[in-house]
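Here's the structure, in structure tokens; my notes come after.
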């Protein structure tokens, strides 16, 4: 059985680069996956606000379709992940509610499909060691902060994060890929989400704070796993600048874009040209800086090795010049020097010996 891959509406259209980069990364890591056949919208945010049963039925239909592919469902979009995960938990634990949902569906869902976000799946089924082993490009000079937003860390009983204020899965994945991950306290603060439609000024301020805090933490780019966060921070960054009077030019990268670059995929492979704030100059600069740092370290290591070799040769040359006789002489024990105390002790011993001899004579 393969991993069931659910792109959802955003990855299918507006955030296609997220979809392409994710599937390329899965290919590199050897994760067999198939798109959920005949998938439909999960209901996202609006459905569960209007009709709980309908919302769960929409998600359950995708779970039923996913069961044809495998027992694990990957939903890279956090909103899709939340809806599918929520339905999975409620339907699995409540037989009566599952019966209600199945009355709505054209075909019943009786499977046990487990739902995972992208960071969750990579940490559980791939792991940091395999991520690190796949790295081909040094990204140690790419300074980033991981931005989880609202949906990848909360609610904790649904997501299963140890700390919903300081989730770590993206941090660990980026570190394994070799990026310079900065610590910050804004990783789960809201970017404004969909409030930007009725209240644009609120979204501008909230997203502006996220970008400001990322720069304050020493990052050159923000890494996300959410299409809506990407829209607010990347697509609307010019609007943020206009509203706040700032001049931000901070690239907003998807997690699989960074992983793909570390794995040696090209900018085209991970669709960097789809990003609004162009990340390519920063990526090229970071890779060049990493190469320069490595070259400098290798130069210094070669100099140290040369000095050690030169010192060793000088020592050997010195011994060669003395010759075998001098080496033997140098190795011979030096004659003991008689000290006054030693001389006195010797004289005392001689006197005692003479006295003993005199007594022994008749």
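The values are calculated or read from the model by the stated rules, or taken from the named source; none is laboratory data. Predicted, not measured: the structure shown is a model, and the values here were computed from it. Don't worry about glycine lacking a Cβ; one is built from the backbone with ideal geometry, like all the others, and counts go over all protein chains shown.
Brief remarks follow.
- Any helices (runs of 4 or more DSSP H) falling wholly within the stretch 40-142 and containing at least 1 residues that are within 30 Å of residue 279 (Cα to Cα), modelled with pLDDT of 95 or more and out of contact with any strand residue (DSSP E or B) (no Cβ under 8 Å at 6 or more places or on another chain): 78-93, 118-121, 128-133
- Check on residue 35, buried (at least 24 other Cβ atoms within 10 Å of the Cβ) and either over 20 Å from residue 159 (Cβ atoms) or at pLDDT below 95 (or both): no
- Boolean, residue 70 is surrounded by fewer than 21 Cβ atoms within 10 Å (Cβ to Cβ) and closer than 26 Å to residue 177 by Cα: no
Here is a yes/no grid of residues against (1) in contact (Cβ under 8 Å) with a residue 40 or more places away in the chain; (2) more than 26 Å from residue 194 (Cβ to Cβ):
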residue: 32; (1), (2): no, yes
residue: 54; (1), (2): yes, no
residue: 63; (1), (2): yes, no
residue: 86; (1), (2): yes, no
residue: 98; (1), (2): no, yes
residue: 101; (1), (2): yes, yes
residue: 105; (1), (2): yes, yes
residue: 115; (1), (2): yes, no
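- Residue 273 being modelled with pLDDT of 95 or more, assigned to a loop (DSSP other than H, G, I, E, B) and within 24 Å of residue 148 (Cα to Cα): no
- Failed condition for residue 288, given (1) surrounded by fewer than 15 Cβ atoms within 10 Å (Cβ to Cβ); (2) outside any helix (DSSP H, G or I): (2)
- Residues that are farther than 30 Å from residue 293 by Cα and either surrounded by fewer than 20 Cβ atoms within 10 Å (Cβ to Cβ) or more than 17 Å from the chain's Cα centre (by Cα) (or both), drawn from the stretch 127-152: 150, 151
- Check on residue 23, surrounded by fewer than 14 Cβ atoms within 10 Å (Cβ to Cβ), without any contact (Cβ under 8 Å) to a residue 40 or more places away in the chain, outside the structural domain of residue 149 (by TED's automatic domain parsing) and within 18 Å of residue 225 (Cβ to Cβ): no
- Any chance residue 146 is at pLDDT 95 or above, under 30 Å from residue 282 (Cα atoms) and not in a helix (DSSP H, G or I): yes
- Matching residues in the stretch 216-242 - criterion: being assigned to a helix (DSSP H, G or I) and surrounded by fewer than 17 Cβ atoms within 10 Å (Cβ to Cβ): 216, 235, 238, 239, 241, 242
- Here 105, 139 are screened, and the one residue that is within 23 Å of residue 72 (Cα to Cα) and in contact with a helix residue (DSSP H, G or I) (Cβ under 9 Å, 6 or more places away or on another chain) is 105.
- Hits in the stretch 153-190 - residues which are surrounded by 14 or more Cβ atoms within 10 Å (Cβ to Cβ), out of contact with any strand residue (DSSP E or B) (no Cβ under 8 Å at 6 or more places or on another chain) and in a loop (DSSP other than H, G, I, E, B): 153, 154, 161, 164, 166, 167, 168, 177, 178, 188, 189, 190
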